[in-house]
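Everything on this sheet refers to the single structure shown next.
We did not get these values from a lab; they are worked out from the coordinates using the rules stated. Being a predicted model, the structure only gives us computed values, none of them experimental. Note that we place each Cβ from the backbone using ideal geometry, even for glycine, and neighbour counts take in every protein chain shown.
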Amino acid sequence: MFKITNFNKYVSTIKNKAVHSLNNLFERSPKHDYILLSKVEKQPLNNLSPDSWAIAAGSVSFSSVRVGKKSDPNFVRDITTFYDVNNRPIQKCFWGSNTKYKQRNYEYNDAVTTTLEDAKIKNIIIKSCPIHKHRYPLGTNLKLLSLCGYWNKESENMLCVTQNDSGKKLSIFKSIYNGIDNKSVSVTEYPWVKKNSAKKDDLKFISFDLKRNNHSLSVENFKKSKNVDDIKMDQYFPYRFLNPNEKKQELPYLFLQRYGLGNMCITVDANSHKVSSDAYAHFSSNDRAIRWSTTQPKKKSIVNIAAHEAEHAYQHKQMGRLTKGSDNYESDCWHKFGPITNDEERKEASKYLKASKIYPLKSDPDYAKKHDSNYLEIKSAQAGFKAQKEYSIGQAQLKTIFPYFPVDINMF
Ligand SMILES: [Zn+2]
């Protein structure tokens with residue numbers, strides 16, 4: 001549990017004051033046991049040893065310290081910190097004796113300066129600093145690992161400070177990874193810390209375990225503080241607490257499962273270079289894949305796109321059942337689900353088939369217009385919109401309970 005005494009430490013992080021790297025060490029041993037063995041002052045990246053850490057994306061400088069222990073001459077810890085152009089730490093890398101490689105990434109949301117009208121408080125400034133912690137297996141090639149994108153996340157924190165003339169408020173989203181299919185999630189809102197007042201209200205929080213089993217997510221051990229009203233647990237509830245990449249990975253399966261397509265070996269790729277630059281995602285029947293672009297969607301919500309692409313998978317299922325299939329996926333659907341017996345469904349599938357035959361090529365000068373007016377796209381757009389509408393109800397409820405997260409982060 002995050003203690004209120006840590007408040008100032010994190011406020012100072014968010015205020016872009018570099019937190020001394022040593023802070024991260026004093027978790028188990030007494031402070032006076034540590035000695036500074038060597039120190040590399042902050043300097044440009046080209047002075048970094050080529051055998052050193054993979055360079056943090058967006059960094060321009062680094063510093064490094066080596067620390068030992070008085071009580072243990074074999075103990076050594078190296079901490080390398082990478083800084084962005086504004087001199088803020090964006091990554092801290094830990095290495096040493098008897099430990100795994102660890103990495104903490106700090107992201108800053110500079111643009112977030114919002115007035116919350118609902119809260120009836122003026123001059124509110126929100127700054128947030130998500131922190132992601134990663135742990136690497138001992139003795140691995142870090143450069144290769146970070147290139148391949150393999151890492152184990154230990155935790156993700158998002159700390160948001162809301163300020164007005166008379167005080168500050170801290171809201172924290174935290175998820176701790178207890179294994180690949182299990183994490184503990186908590187959302188906590190701390191009472192206002194007023195300038196001239198020691199009066200404290202109660203904490204507001206929800207917490208639970210988020211479990212994943214074959215792409216089905218569930219919530220266990222749900223707890224909440226008394227000042228939180230009952231939360232309507234809709235089907236999207238567990239997904240609201242995933243980070244954007246995890247949402248891209250898991251949400252399509254929710255919709256695929258609705259269509260009985262959970263076991264059709266459709267893969268989901270959360271970041272693929274195979275998606276054309278004008279699209280956020282696509283479904284490929286040939287490859288049995290829903291692929292997302294590497295750019296994070298801004299104009300449409302992830303849930304909308306996930307439902308849209310799953311709808312395409314359903315359309316190809318139905319076309320397969322109508323025609324015995326024009327590719328492996330469609331013919332597997334034919335074998336698994338058999339012919340369509342319902343008249344309405346068959347009529348609808350015929351429309352899909354007709355639309356698929358006039359689906360425009362990218363090279364068509366009228367591509368955009370023909371794409372948007374194609375029946376397959378119209379139906380997918382409807383499915384996406386419907387899912388987004390369903391999703392937004394529970395999202396609004398959580399945003400009302402925890403109103404101090406920045407609007408542009410699109411929480412929950
Ligand atoms: Zn589409």
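Quick look at the values:
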{"item": "Separation of alpha-carbon centers, segment 342-412 and segment 38-101, rounded to whole Å", "result": "46 Å"}
{"item": "Per principal axis, descending, Cα span of segment 267-394 in whole Å", "result": "40, 40, 27"}
{"item": "Charge dipole magnitude, Cβ of K and R +1, D and E -1 - segment 267-394, Cα centre, debye nearest 20", "result": "120 debye"}
{"item": "Calculated SAXS-style log₁₀ I(q)/I(0) at q = 0.09, 0.17, 0.21 Å⁻¹ - segment 150-287, Debye, Cα scatterers", "result": "-0.40, -1.04, -1.31"}
{"item": "Within straight-line cross-link reach of Lys70, aspartates and glutamates at Cα separation under 13 Å, skipping those fewer than 8 residues along the same chain", "result": "Asp33"}
{"item": "Length released on extending from Ile231 to Glu41, taking residue separation times 0.36 nm less the Cα-Cα span", "result": "63.4 nm"}
{"item": "Among 62-73, 337-348, the order from most to least packed when residues are scored by Cβ within 10 Å on average", "result": "62-73, 337-348"}
{"item": "Difference of contour (0.36 nm per residue) and Cα-Cα distance, Lys299 to Ile358", "result": "18.5 nm"}
{"item": "Two-site label geometry, Ser350 and Val60: point separation in nm, points 7 Å out along Cα→Cβ", "result": "6.5 nm"}
{"item": "Separation of the His335 and Ser97 label points, Cα + 7 Å toward Cβ, nm", "result": "6.0 nm"}
{"item": "Potential lengthening between Asp343 and Asp181 on full extension [0.36 nm per residue; Cα-Cα distance subtracted]", "result": "54.2 nm"}
{"item": "Estimated inter-spin distance, Asp372 and Asp327, nm [label 7 Å along Cα→Cβ]", "result": "2.6 nm"}
